[in-house]
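Q: For reference, the structure I am asking about is given below.
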Amino acid sequence: MKQGPSDEKKKKISVRILFWNIMGRMNFIKTEYPLQWLKNNFDVLFISETHLTKGQQFHLDGFKDYHNSYSEYDAKKPRGGISCFIKHEFVHRVNEVQRDSEDNVTIIWKGGNKTFGS
């Protein structure tokens, strides 16, 4: 990341980010291997097409989750939705998480001038 969160001494911090269309959360994690791969390789995950409906959530161990479901869906086939997962050790570097519009989660970092969202 060229410009993102910085520590107290204004030293830039590297954050590894993944954007992934999972085509429904039921297909996302079926074995332990993908979860370990995500934990070992990424700090922030933007997971799209979660097919969450209002009020539904899912969690990943080691991450703080933020969800934004798609508000309109056919009861037979939910669609859209996005979730953002931030490793617990990076949550204190987040200034704000915005979910202002459907299918969008925006992260505003402390000490940096970049925002990330999908």
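Q: Please specify each residue of the range 87-118 satisfying the condition of being open to solvent by less than 50 Å² (accessible area, probe 1.4 Å), assigned to a loop (DSSP other than H, G, I, E, B) and at pLDDT 85 or above.
A: Once the filter is applied, which keeps residues that are open to solvent by less than 50 Å² (accessible area, probe 1.4 Å), assigned to a loop (DSSP other than H, G, I, E, B) and at pLDDT 85 or above, the range 87-118 yields Arg93, Val105.
Q: In addition: In the range 70-86, which residue that is closer than 21 Å to Leu38 by Cβ and either among the small types (Gly, Ala, Ser) or assigned to a loop (DSSP other than H, G, I, E, B) (or both) is modelled with the lowest pLDDT? Working first, answer last.
A: At the first step, the residues of the range 70-86 found to be closer than 21 Å to Leu38 by Cβ are 81-86.
Pick out the ones that are also either among the small types (Gly, Ala, Ser) or assigned to a loop (DSSP other than H, G, I, E, B) (or both) and you get 81, 83.
Values: Gly81: 82, Ser83: 87.
Out of the qualifying residues, it is Gly81.
Q: Mind counting the residues in the range 44-66 that are in a loop (DSSP other than H, G, I, E, B) and aliphatic (A, V, I, L, M)?
A: Just the residues of the range 44-66 that are in a loop (DSSP other than H, G, I, E, B), to begin with: 49-62.
Remaining after also requiring aliphatic (A, V, I, L, M): 52, 60.
Counting residues in the range 44-66 that are in a loop (DSSP other than H, G, I, E, B) and aliphatic (A, V, I, L, M) gives 2.
The values are calculated or read from the model by the stated rules, or taken from the named source; none is laboratory data. Remember, predicted model here, so these are calculated numbers, not experimental data. No Cβ is skipped: glycine too gets one built from the backbone with ideal geometry, and neighbour counts run over all protein chains shown. Just so you know, the surface numbers come from the protein's heavy atoms only, side chains and all, with ligands and any DNA or RNA stripped out. Shrake-Rupley method; radii C 1.70, N 1.55, O 1.52, S 1.80 Å.
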